[in-house]
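The values are calculated or read from the model by the stated rules, or taken from the named source; none is laboratory data. It should be emphasised that the depicted structure is a prediction, and the values quoted were computed from it without experimental measurement. Using ideal geometry, Cβ is built from the backbone for each residue, glycine included, and neighbour counts are taken over all protein chains shown. Just the protein is used for accessible areas: all its heavy atoms, side chains included, with ligands, DNA and RNA removed. Shrake-Rupley method; radii C 1.70, N 1.55, O 1.52, S 1.80 Å.
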Amino acid sequence: MTSIFKGSTFYKYLISFVIFGILIVAITNALNYYHLNQISKGIIKDQIDFQFDRVGNTTRTLIGSAELTVVNAAQSDFIDSYLTTKSPDAKENLQRYLLGLARANAAIFQLRLLDVNGNEIIDVYKPNSANSANSANSAYRIEKPEQLQDKSDSRYFAELQTLSDDTTYYSSINLNKEFGEIERPLRPTLRVARPVISPVTGNRAGYIIANMNASYLLGILVNSDKLDITITDKDGFILTSTNSEYDFSRYLNKSPTVQTEIASLREQLLYSDGSVFQYDLDNLIKNDNGLVLYARASQNFTNQLTAEAIEGALQSVIAILVLAFPVAFLIAKSLSKTANALQENIEENKKYSSIIDQYIPILETDKEGIIIGCNDAMSVLSGYRRRDVIGAPASIFQHDACVPSDFTQLWTNLKNGISWKGEFHNKTAQGEEFWLQTHIMPNKNEAGKVIGYIGIGADITDKKLLERRSEVDSMTGLFNRLKGNHILEQQLDNASYTGKSFGVIILDVDHFKQVNDTYGHLEGDLVLKDVANILKYNVRSTDYVVRWGGEEFLVICPNLDLATCVKVAEKLRVQVESFPFEGQATGITVSAGVAVFTGASTINALLADADNFLYQAKEQGRNRVVSALSKYTAETHISASDMQKSS
């Protein structure tokens, strides 16, 4: 036995095996370390990609919501009414409308109307909570006249002067000032504005400006426990960062020491070794900030991954030396740590995907509009189970009030490969209506060919119901005059586009003043309600009935010629004359004037014609229909009883 150790062969083999073993351990150690290091880089890249996706989605959602608010406000009937009349009632209605819009968007803390000279006309404002007298319950308020300010000297107002009428303005993100002083605590502000056009002159009458609290947006952009994130403007000043000490360096931290530190950090970001990733925010925040987001792995996160890589390598060495079960155990332990890091990343992605799935309605169809995908939010909102809508046409959600012409522009855009934005009037599986503000975009395959469409929506049902309440006459339940004017404009646009005519019928209750004087206004109200119901239930579903004012009613008849319109008016006249009014007033009749849009007239001219024919009907003895056809057809008055005898 001892002879084995005496010969040189044993030691040669021993040394050879030792060297071979050392080489195997070294190679294995190097490979394991390299492999784990690559996994660590992948984890960092995945984390940064996820952060950039979150930046894009969050910014588009928050800023898109603010833009939608100012566009709706600038184009609302409330602001048109105020600019037309300048009456206290119109101003109060506009104030309430702007207050409702501000409350509907938690990111907006101030919503204002400025005139063309920069003077605040209306200011809906939510005080900075720490400065509010009731900080726990800080709420929106309408500022009193003495609190309104002159903003003509502000930078953003000067920039608004160069804005075209159909463009939305985005200011630089800066710290909000009130009466020349920066608010405390700091309130980063992004102003989103839209010009307001006077319906009277057609000229610019002012601006709707929404002050959006950018703290939430900026907080999401730089919020990460694994990354160091810095956002700079085009001049290199730090807007916000993971290290809040340098935030808003353009306005704060003016000391030479802090500015030197900021300059050093800027050099590191601009001339990195490839570990810093850059994301331009210009396409998301369309202002002149020139914002750039820089992201890199934090030192703690890098140290954690490096330590895990080294630990994994050492465990592999021990595993090879110890062999067998300890090898499998230690390798499994090392790989499980890497898997846990990846799993955390996946879970975080799932969390945000779950939020989108629960709260943002999404529908996916093929090119023919057949549903191939529906998320939870859409399923809950519509009341349909997902399996019930897959394979059905998207029109399954369509409300009965919709007509094919509502979707002409949508399909024109999509067939040309262009996205479409607009509103959908839908109904649930239970028959209840709901509204979606929807963005539909083509879905393309890897070859760039359109294979279907994806629609992303936002529930605006409450907003539409609020608008509807403002459009209805409270006594009769019919559309009011404001809504009637809006419908007339829509019909004019549709007739100009399609070449089809539409008619209007103005009806007036005969001797209505005598009813009020003889039986009282309550009796008169009952008569008006009955007449309104007679009109509403004796026209087509596509017609519109409007209380035009006092005892006057307007019926709008799309796609009808004059002769057919006259027949509709005569039918309504007879129905009123023959109706058994239950009150004290009896013998109630109406007179009507009928006119049709010819393609060359205006709304005012059309209404003037109908009103003139109504006047002629009154002059000829009332309880009759008069139109441009009267002089050719020698129309005569026919009572309801005569019509019944003839039938």
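Structure notes:
- Dipole magnitude for region 504-641: about 320 debye, using +1 per Lys or Arg Cβ and -1 per Asp or Glu Cβ, origin at the Cα centre.
- An ellipsoid equivalent to region 503-647, defined through the eigenvalues of its Cα gyration tensor, has semi-axes of 24, 17, 15 Å when rounded to whole angstrom and sorted largest first.
- Annotation: average projected area of region 385-523 is 12.7 square nanometres, based on the convex hull of Cα atoms across all directions.
- With the highest mean first, a sort of the peptides 447-453, 554-560 on other beta-carbon atoms found within 10 angstrom per residue produces 554-560, 447-453.
- Exposure ranking of K151, K234 by accessible area [1.4 Å probe, largest first]: K234, K151
- Pairwise FRET efficiency - T242 versus E267, Cβ, R0 = 22 Å, nearest 0.05: 0.80
- Taken about its Cα centre, region 548-598 carries a charge dipole of about 160 debye when Lys and Arg each add +1 at the Cβ and Asp and Glu each add -1 at the Cβ.
- Charge dipole of region 449-601 about the Cα centre (unit charges at C-beta), most positive-ward option of L478, L522, F512: L478
- Peptides 220-226, 354-360 ordered by average Cβ neighbours within 10 Å, highest first: 220-226, 354-360
- Taking the Cα centre of region 401-527 as origin and assigning +1 to Lys and Arg Cβ atoms and -1 to Asp and Glu Cβ atoms, the resulting dipole is close to 780 debye.
- Global geometry of region 122-235, whether rounded, prolate or oblate, following the gyration tensor of its Cα atoms and the 1.5 cut on a/c: oblate
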